[in-house]
Amino acid sequence: MHELPVTESILNICVKHAEANNAKKIVAIELKVGEMSDLEDEWMQKYFDYLAKDSIAEGAKLKIERTPVVVQCNLCAHTFNVDIKKREKLLCPECEGTCTLISGKEYHIKNMEVV
Ligand SMILES: [Zn+2]
C-alpha cells in the first residue's frame with residue numbers, strides 16, 4: 001500500500017506548482033515510473049482521486065509511463081537495459097558478470113497539464 005504516500009507527495013508537488021503558476025485546474029499529470037517499481041497504475045489513480053477531492057487537482061488523469069530497468073555490470077561496468085519479464089538472472093552480456101540495478105525503481109513527475 002505504498003502507493004498512498006507516493007501519490008500524496010506527487011499531488012502536493014503538483015498542486016504547489018500549479019498554484020505558483022496561477023492555474024485554475026490540473027487536468028492531467030504525466031509520470032514516469034520505473035518498470036521495477038511495484039507502484040500499480042490503478043491504485044495510484046484511485047488514491048489520487050481520493051486525495052485530490054476538493055482540490056484544484058480533482059479529476060486529474062494520471063498518465064503513467066514506464067521507464068526501463070537499467071543495470072550495470074560489476075566487473076566491466078557495461079550498462080544495459082533489462083526486460084525484467086524475460087530475464088531470470090541478471091548477467092552481463094559482455095562478460096557474464098553480476099550486475100547492480102542503476103534505475104528502474106524510481107518515479108518522477110514528467111509533465112503536467114493545467115488550465
Ligand atoms: Zn560485464
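A short reminder: the numbers here are calculations on the coordinates, not readings from a lab. Worth saying up front: this structure is predicted, and the values here are computed from it rather than measured. Heads up, the Cβs are rebuilt from the backbone with ideal geometry, glycines too, and the neighbour counts pull from every protein chain shown.
The mean sequence separation of alpha-carbon pairs under 8 Å and at least six residues apart, normalised by the residue count of segment 3-114, gives a relative contact order of 36 percent.
Indicate the gyration tensor shape class of segment 59-115 (rounded, prolate or oblate), computed on the Cα atoms with a ≥ b ≥ c the square roots of the eigenvalues: a/c under 1.5 is rounded; otherwise a/b larger than b/c is prolate and the rest oblate. The partial results should precede the final answer.
Details: a/c = 4.60, a/b = 2.86, b/c = 1.61.
Prolate shape, in that a/c is at least 1.5 and a/b is the bigger ratio.
Loop-located GluC sites (Glu not before Pro) in segment 1-62 (DSSP state other than H, G, I, E, B) with a sparse environment of at most 13 neighbouring Cβ atoms within 10 Å: Glu40, Glu58. For the chain, the equivalent ellipsoid derived from the alpha-carbon gyration tensor has semi-axes of 36, 14, 10 Å in decreasing order.
If r is the Cβ-Cβ distance from Trp43 to Arg66 and R0 is 22 Å, what FRET efficiency results, to the nearest 0.05? Rounded to the nearest 0.05, the efficiency is 0.90. Could you state the angle between the C-alpha long axis of helix 41-51 and the longest principal axis of the C-alpha atoms of the chain, as a value from 0 to 90 degrees rounded to the nearest 10? Taking the Cα atoms of the chain, the angle to 41-51 is about 30 degrees.
Where only DSSP H runs of four or more residues are counted, the chain gives -8000 deg cm²/dmol as its mean residue ellipticity at 222 nm, each run worth -39500 (n - 2.57). For the chain, the antiparallel share of DSSP beta bridges with both residues in that region comes to about 70%. At full extension, Lys85 and Asp54 could sit 7.2 nm farther apart than now, given 0.36 nm per residue minus the alpha carbon distance.
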